[in-house]
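We did not get these values from a lab; they are worked out from the coordinates using the rules stated. Bear in mind the structure is a predicted one, so any value in this text is a computation, not a measurement. With ideal geometry, Cβ positions are generated from the backbone for all residues, glycine too; neighbour counts draw on all protein chains shown.
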Amino acid sequence: MEWDAETDILVVGGGGGLVAALAARESGAHVALVEKHDRLGGNTALSSGSVPGAGSRFQRAAGVEDSPDRMVFDVMRQTNGTAPQHLVRALAQESGPLVEWMVDSLDVPLAFVPDLKKVGHSVPRTHGSGGRQGATVVAALEQKAQDNGILVSPGNPVRRLLQDTSGRIAGAVIENAGAEHRIGARKVILACNGFGANKEMLRKYIPEIAEAPYFGHRGNMGEGIAWGLELGARLRDMGAYQGHASVSHPQGALMTWSAIERGGFLVNLDGQRFVDESLGYSGCTTAVRSQREHIAFVIFDQRIHHYLEPKAQDYRDIVAHGGARQGADMEALGAARGLDGRSLADTLACYNSAAGGAATDGDTDLFGRKDFGGAPLCPPFILVKVTAGLFHTQGGLDVDANAQPLRNDGSAIENLYAVGGAAVGVSGADGNKGYCSANGLLAALGLGRIAGRHAGRML
C-alpha cells in the first residue's frame, strides 16, 4: 500500500487514548494520536477525574486494606455476575499500578479519598483529581504526551480503517481540511468512546434511556463500534450504560453523589422519597426519570455542604448560580421550592428516624437503605433540584484481556485494540444497575494502558 504517512502505533481518540499512547511510547514505539474534535478530552474530560485503585500504596498509607481480588468480588456482585470476568480481573489487577504510574510517571495530580466508600465498592478505593474534574487529568496527560514526543493531532477525524491483503489492520484514512490521507500503522488503538450521542444506536440498543437528556460528549457517535462490526467483531452488553440521577436543573452541573453517600436523600415534587439511594447515581437514574416532570431534589444539611464545597468544583458552580437553596425550616424551604412542604417535613422525620434506628435495628427504612452516612440530618438544610440522564454507554466491542476485539469464533482481530467506550465495559448486562463508581474511567484509562503496553510489545 502507498501511505501519506506512517507510524508504529495509531491511537484514535484523545481522552483515554492519551494513556494508551503514553503506555505505547514507553516501549520506544513511534506513536501518533488523532482526535476528530479540535480539543482533546471527550468523556474523560467531562468525568469526575476519579479512578479506583485496588491495593495502591496510597490506600496502604491510609490504613485501608484492599486487593484486586476484593475489587473483582465487588464488581461481580454489583453486576450479578454478568460482567466479563476476564476484563474485571484484568482491570482490577491494573487499577492500583495504574494510579501509581499516573502519579509517579505522568504527573497526574491524583490523591486517595479515604473518607468515601463509593457505589459498588466495599472499601474506599477512589483516587481523584483536584476539584474532582476530568479536565485536570486530560491536561496533565496531554502535556506529558507532548513532552514524550507523541504526535498529537486534533481536528483530524478517522473515516475508515484499512486492511492489508491478508485482512490485517494496516492503518486508517483520516480527513484533514477536507482532504483524505492514508496513514499506515502497525497497530491501531480505538479509544473513541461509545454511542451516547447517537440516537439511532440508543433506540436500537438502550431504548429505556434513548429519549433522556444526554450529558456526555457530543462526539460519541459509536464509530469505533461500527468499524469493529465491519471487521466481523462481536458485541457485548450493548444495553448497559452509566446514567446519573443528580444533574442540577436547570444549571446542568453534576450534583455530586457524595451528598447522598454522606447522608442525603432524594425526594420528588410531592416531597416524598421513592428509591433506595444506595443503589447509586446510575442505579437511581430510571427511578428519577419515572417521577413527575423527571425531577427530584437532593436533600442534605450544612455539615455535608461544608464537606462538599472545598472538594467539588461542580458543586461550587451550583451554589454560585443559586441552585442550592438553604433554610432552617424544612416545610418552609420545600414550599419555597414548589414542593409539598408538609409532606417534605414528614419525609425528613421518617428518614431521620430510619437513619437513627439503623445503628440498632438494622432494617428500619421503607426502601431498604442500610447505609445512611452521617445522617440523621440537622438544620439548616439544603435542597438542590436535579434531573437524570445518560452519561455514557457501557456496551461495545467484546475484547480479550489485552483489549483486542474478538470475532464471533473467539479469535482476536489482528493489530487492532479497543478501549473505553469503544469496548465493552465492566458494568454487566443489566442496564444502569451494574455500574460501580469510576469504573467507566477505569475502563478508559486502565484498558488504555493495557492496550498500549501490549501493542508496543507486539511490534
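Pairs Lys36/Lys199; Lys118/Lys199; Lys118/Lys187; Lys117/Lys385: which are spaced more than 26 Å apart, C-alpha to C-alpha? Where the Cα-Cα span goes over 26 Å, the pairs concerned are Lys118/Lys199; Lys118/Lys187. Couplings 3J(HN,Hα) of region 54-62, computed from phi: 7, x, 5, 5, 6, 4, 4, 5, 8 Hz, in residue order, whole Hz [Karplus 6.51 cos²θ - 1.76 cosθ + 1.60, θ = phi - 60°; x for Gly and Pro].
Packing here is the average count of other Cβ atoms within 10 Å per residue, and on that basis the peptides 441-452, 299-310, highest first, run 441-452, 299-310. Were the residues from Arg316 through Met458 laid out at 0.36 nm apart, the gain over their Cα-Cα distance would be 46.5 nm. Per-residue ellipticity at 222 nm from helix content only, as computed over the chain with -39500 (n - 2.57) for each DSSP H run of at least four residues, stands at -9500 deg cm²/dmol. When +1 charges are put on Lys and Arg Cβ atoms and -1 charges on Asp and Glu Cβ atoms, the dipole computed for the chain relative to its Cα centre reaches about 60 debye. Can you classify region 242-389 as rounded, prolate or oblate using the Cα gyration tensor, where a ≥ b ≥ c are the square roots of its eigenvalues, rounded means a/c under 1.5, and otherwise it's prolate if a/b beats b/c and oblate if not? The shape class here is rounded. Using 0.36 nm per residue and subtracting the Cα-Cα separation, the extra length available between Gln302 and Phe73 on full extension is 78.9 nm.
With θ taken as phi - 60° and the Karplus curve 6.51 cos²θ - 1.76 cosθ + 1.60 applied, the whole-hertz 3J(HN,Hα) list for region 175-188 is 10, 9, 6, x, 10, 8, 9, 9, 10, x, 8, 6, 9, 10 Hz, x standing for glycine and proline. Against the chain, whose longest principal axis comes from its Cα atoms, helix 341-361 is set at around 80 degrees. With a ≥ b ≥ c the root eigenvalues of the C-alpha gyration tensor of region 192-268, is it rounded (a/c under 1.5), prolate (a/b larger than b/c) or oblate? Prolate. Highest mean packing first, where packing is the average number of other Cβ atoms within 10 Å per residue, the peptides 107-117, 193-203, 421-431 line up as 421-431, 193-203, 107-117.
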